[in-house]
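Step one of this worksheet: look at the structure below.
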Amino acid sequence: MIRTIIVDDEPLARSNVSVLLRLDSEIEIVSECGSGVEALAEIRKAKPDLVFLDVQMPECDGFDVLELLGRNMPTAVIFVTAYDQYALRAFEAGALDYLLKPFDKARFERALERVKERIRHGNDLPRKLERVAIKSAGQVTFVNISGIDWIEAADYYAALHVGPRTHLLRRSMAELEEELDPAIFSRIHRSAIVQLNRIRGLEIGKDGEYEVVLENGARLRLSRRYRKQLQSRLGIREGGI
C-alpha cells in the first residue's frame, strides 16, 4: 500500500483528491491536513510514501514544508495548485509532479502512475532528474529528460536539444551533470553532455580530435579530459579509441 497524506487548506480541495485516491486500491490515505504546520507534524510522525501538497497556505506554504522536512522528504511529493507560476520552483524543490487545478481524472491517474514507478524502483535508490519545467513567454513547458539528445552550455543557461527543438534552462552544466543519471548521460566536453543511446559513433575530425556523432547528425567535440569516462560508459576497452 502507498501511504498517502493530503495537504490543502481548502476542505473541498482535500475532498476532491481524496475521492480520486479512494478509487485506487493501492492507496491508503493515512491523514488529511489543513495547514503546513499540521502537515509537518503528520509527515514526521506517519512517514508517508506520497504527499499531495498545496502551494499557497497561510503561515507555512508548501515550499516551507519541504524545506523544513529537509532529508525527511517522502518518496514522492505532488504539488496541487491553481497557479502555474510555481511549477519551475516545485521541480527544483524535488516534486515528482505538479497538478494544475482544475485537473481531470486521466491527468490524476498519470501522476499516480509516476508515483508507483518511482516506488517500484525502490525508495533507497538515488533520485535522478526525470523531467524539468521550462518557463518562457508566460507559459511553462515540461521536458522529459529521456527525450533530450544532448545539452549545451549557453552562458548562464543550459540549452536542452530535444529533437528539432531547443529549450533554455537556467541551470549550470555542473548542476545538471550531478542530477542526471550517469548510466544514461555523459559529459563529453566542458560545454556538452550527451545521452549515451543517442550516440551513433565516434570519428576523428579534421583537426585530429575525436568527435561524438549523434543519431540526428550532430557532431560534438570530445574533450580529452572526458575521453576515458565516455569510453568506459560506452563499454569500449582501454585503448579502443
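The values are calculated or read from the model by the stated rules, or taken from the named source; none is laboratory data. Nothing here was measured: the structure is a model prediction, and the numbers come from that model. As a convention, Cβ positions derive from the backbone with ideal geometry for all residues, glycine included, and neighbour counts pool all protein chains shown.
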Within the group Gln85, Gln56, which residue is more than 24 Å from Glu175 (Cα to Cα) and of a type in the set (S, T, N, Q)?
-> Gln56
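Rundown of residues vs (1) within 22 Å of Leu20 (Cα to Cα); (2) modelled with pLDDT of 85 or more; (3) assigned by TED's automatic domain parsing to the domain that holds Lys47, yes/no style:
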position: Met73; (1), (2), (3): no, yes, yes
position: Phe79; (1), (2), (3): yes, yes, yes
position: Leu112; (1), (2), (3): yes, yes, yes
position: Lys116; (1), (2), (3): yes, yes, yes
position: Arg127; (1), (2), (3): no, no, no
position: Thr141; (1), (2), (3): no, no, no
For the stretch 37-57, what are the residues that are part of a helix (DSSP H, G or I) and either touching a residue at least 60 places away in the same chain (Cβ under 8 Å) or surrounded by fewer than 24 Cβ atoms within 10 Å (Cβ to Cβ) (or both)?
-> Val37, Glu38, Leu40, Ala41, Glu42, Arg44, Lys45, Ala46
Look at Tyr156 and say whether it is among the aromatic types (Phe, Trp, Tyr) and at pLDDT below 90.
-> yes
Which residue pairs have Cβ atoms under 9 Å apart, sit 6 or more places apart or on different chains, and have a first residue in the stretch 149-165 that is free of Cβ contacts under 8 Å to residues at least 40 places away in the same chain and a second that is surrounded by fewer than 15 Cβ atoms within 10 Å (Cβ to Cβ) and acidic (Asp, Glu)?
-> Ala158/Glu175
Just for the stretch 1-19: of the residues that are assigned to a helix (DSSP H, G or I) and buried (at least 18 other Cβ atoms within 10 Å of the Cβ), which one is nearest to the chain's Cα centre (by Cα)?
-> Val17
Where residues in the stretch 58-103 are in contact (Cβ under 8 Å) with a residue 24 or more places away in the chain and among the basic types (Lys, Arg), which of them is farthest from Asp8 (Cα to Cα)?
-> Arg89
Note: among Phe63, Phe52, just one is under 22 Å from Phe103 (Cα atoms) and modelled with pLDDT of 95 or more, namely Phe52
Only one of (1) in a strand (DSSP E or B); (2) crowded, with 18+ Cβ neighbours inside 10 Å does not apply to Glu28, and that is (2)
